[in-house]
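Heads up, the thing below is written out as structure tokens.
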Amino acid sequence: MHKLVIHGGLPLKGKVSIGGSKNSSLPILAATLLTPEPCILHGVPNLSDIRYMLQILQFLGAEVEFSDSTVRVQARNVQPEAPYDLVRKMRASICVLGPLLARCHQAKVSLPGGCVIGDRPIDLHLKGLSALGAEIRVEEGYIVAQCKELKGAKVELYGKFGSTVLGTDNVLMAASLARGTTLIEGAAVEPEVADLVEFLQKMGATIRGAGTRVLEIEGVEELHGAEHTVIRDRIEASTFAVAAVMTGGELLLEGAPFSHMDSVLQTLRSCGARWDITPNGIRVWTNGPLRAFQLQTEPYPGFPTDMQAQFCALACVTPGRSTVEERIFPNRFMHVSELKRMGAQIELLGNRATIEGVSHLSGAPVMASDLRASAALVLAGLVAKGKTTVHRVYHIDRGYENIDQKLQQVGAEIRREVVS
Ligand code: UD1
């Protein structure tokens with residue numbers, strides 16, 4: 001087990017290379033189960049979530065090789081059962097359900113279980129796959145699904161918090177090998193869904209409407225192997241952008257996918273940060289004092305819930321009163337109590353945090369509770385006076401590749417230590 005020890009107060013300056021998107025890579029890896037032919041994926045980040053997914057693919061029968069950001073998967077034969085011990089490590093493993101049903105006409109996938117950011121139902125995944133003809137029951141903690149064949153259908157995937165990203169992915173993948181045409185209404189429009197569509201199209205799927213709320217999929221008999229480079233990680237890039245702003249530094253985020261970061265960049269501008277788009281990526285800096293801001297999380301293209309915690313950290317050291325409303329996962333505020341331990345002034349009422357900027361945070365031992373909450377604590381540590389120790393760093397390693405090394409390279413005083 002590791003911890004990160006940070007001595008705050010240094011402005012970050014230099015270049016950070018932004019890696020491939022975790023949230024794109026995971027469903028695209030699951031999609032490789034749809035064909036017995038080899039698939040090659042480039043730009044895959046070396047993260048623990050990715051390694052869990054590769055373990056699941058191997059357990060299901062695929063041959064897997066991973067080196068230098070390139071994954072080669074060949075699922076010649078697939079068995080349809082993904083057990084609890086593997087699935088519980090990562091909720092995104094639910095996205096093997098659609099491919100298994102399509103490929104094997106049956107699937108037994110452990111229910112992913114609870115999650116610290118709140119209740120995360122999968123009713124929309126099951127609704128979508130049932131509409132395609134799967135019979136689904138939940139038995140002893142497992143989703144057990146089977147079908148004679150999958151048939152195209154009209155599927156409506158809006159939930160009370162908006163569309164579902166992985167639910168859309170699951171139905172898309174299943175529909176690609178279903179008989180006939182599927183119409184997904186209320187599809188998620190996150191760039192990671194469009195990336196999956198592009199990969200499926202390279203495999204031979206017929207899909208129209210990428211990036212829109214309505215996807216039309218004409219099922220094909222079989223899919224073939226494909227080669228693809230995943231998009232860059234907009235959340236990693238946005239997190240480093242906040243690091244530049246909070247520390248009063250200047251970073252060039254090399255390869256940052258600026259067209260996917262509009263809401264984050266607009267919010268940074270509204271709080272007084274500066275950025276421009278260069279041929280190599282986004283340059284972010286500050287020029288004068290920051291201003292309080294208001295934000296609410298929403299499905300894409302709105303402000304991403306995966307950046308909410310990091311902006312809470314930013315608000316802690318921004319003069320004035322900022323408000324942050326969480327509309328996707330209303331309980332996703334585990335970082336608040338830890339930020340308060342560092343001297344933050346935050347009032348949490350339901351899904352809304354009101355944050356009064358303080359002149360400085362104080363270093364403290366803090367506990368990471370989930371992936372993005374831990375990023376927020378690292379950001380807070382970078383500006384806090386004195387020493388911050390972030391425990392349970394495995395959360396951050398799920399989604400940020402070598403975050404300590406990347407921060408060191410741009411001037412942060414941060415080191416990883418083994419917890420004795
Ligand atoms: C994905 C992302 C995650 C991000 C989230 C929202 C991956 C691997 N993960 O998660 O980082 O925070 O999108 O942008 O890509 N919901 C239901 N029923 C369902 C499914 C979801 O009610 O069957 C609700 C959820 O509780 C939540 C909202 O819909 O309130 C959005 O969740 P969803 O888009 O499904 O999140 P994930 O795809 O799991």
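Annotations
- Folded to 0 to 90 degrees: helix 22-31 orientation relative to the chain principal axis, Cα: 10
- Net charge dipole size for the chain [Lys, Arg +1 and Asp, Glu -1 on Cβ; Debye, nearest 20]: 1020
- Net charge of Cβ neighbours under 13 Å - reference V144; Lys, Arg +1; Asp, Glu -1: -2
- Ordering of 189-200, 370-381, 388-399 by burial proxy (mean other Cβ atoms within 10 Å per residue, highest first): 370-381, 189-200, 388-399
- Model label points for K202 and R415, set 7 angstrom from Cα along the Cα-to-Cβ axis, are 4.1 nm apart.
- Across region 132-148, coupling constants 3J(HN,Hα) worked out from phi with the 6.51/-1.76/1.60 Karplus curve, θ = phi - 60°, read 7, x, 7, 8, 10, 9, 10, 9, 6, x, 10, 8, 10, 10, 8, 7, 6 Hz, and Gly and Pro carry x.
- Global form of region 22-229, assessed from the alpha-carbon gyration tensor, a/c cut-off 1.5: rounded
- Qualifying trypsin sites (Lys or Arg not before Pro) in region 39-87, where qualification requires a DSSP coil assignment and no more than 11 other C-beta atoms within 10 Å, comprise R76.
- Gap separating the Cα centres of region 184-199 and region 217-292, nearest whole Å: 19
- Spin-label model, E185/H224: points 7 Å from Cα along the beta carbon direction are separated by 3.6 nm.
- Near T229, the amide H atoms lying under 5 Å from its own belong to H42; only residues 5 or more places off or on other chains count, and H is placed 1.01 Å from N.
- For the chain, the Stokes-Einstein estimate of translational diffusion at 25 °C and a viscosity of 0.890 mPa s comes to 113 µm²/s, using the Kirkwood hydrodynamic radius over alpha-carbon pairs.
- Amide hydrogen neighbours beyond the local backbone of A364, cut-off 5 Å, H modeled: T388, T389
- Point-charge dipole on Cβ atoms (K/R +1, D/E -1) for region 1-91, about Cα centre, debye to 20: 500
- Spatial separation of Cα centroids for region 1-69 and region 326-343, in angstrom: 26
- Rounded accessible area per residue of the chain, 1.4 Å, Å²: 39
- Label zone at F161 (point 7 Å along Cα-to-Cβ), backbone N below 20 Å, region 386-413: 395-396, 398-399
- Only beta bridges with both residues in the chain are counted; by DSSP, about 75 percent of them are antiparallel.
The values are calculated or read from the model by the stated rules, or taken from the named source; none is laboratory data. Bear in mind that the values here come from a model prediction, so they are computed numbers and not experimental data. Note that each Cβ is placed from the backbone with ideal geometry, even for glycine, and that neighbours are counted across all protein chains shown. Ligands, DNA and RNA are stripped out before the accessible areas are found, and what is left, the full protein with its side chains, is counted by its heavy atoms. Shrake-Rupley method; radii C 1.70, N 1.55, O 1.52, S 1.80 Å.
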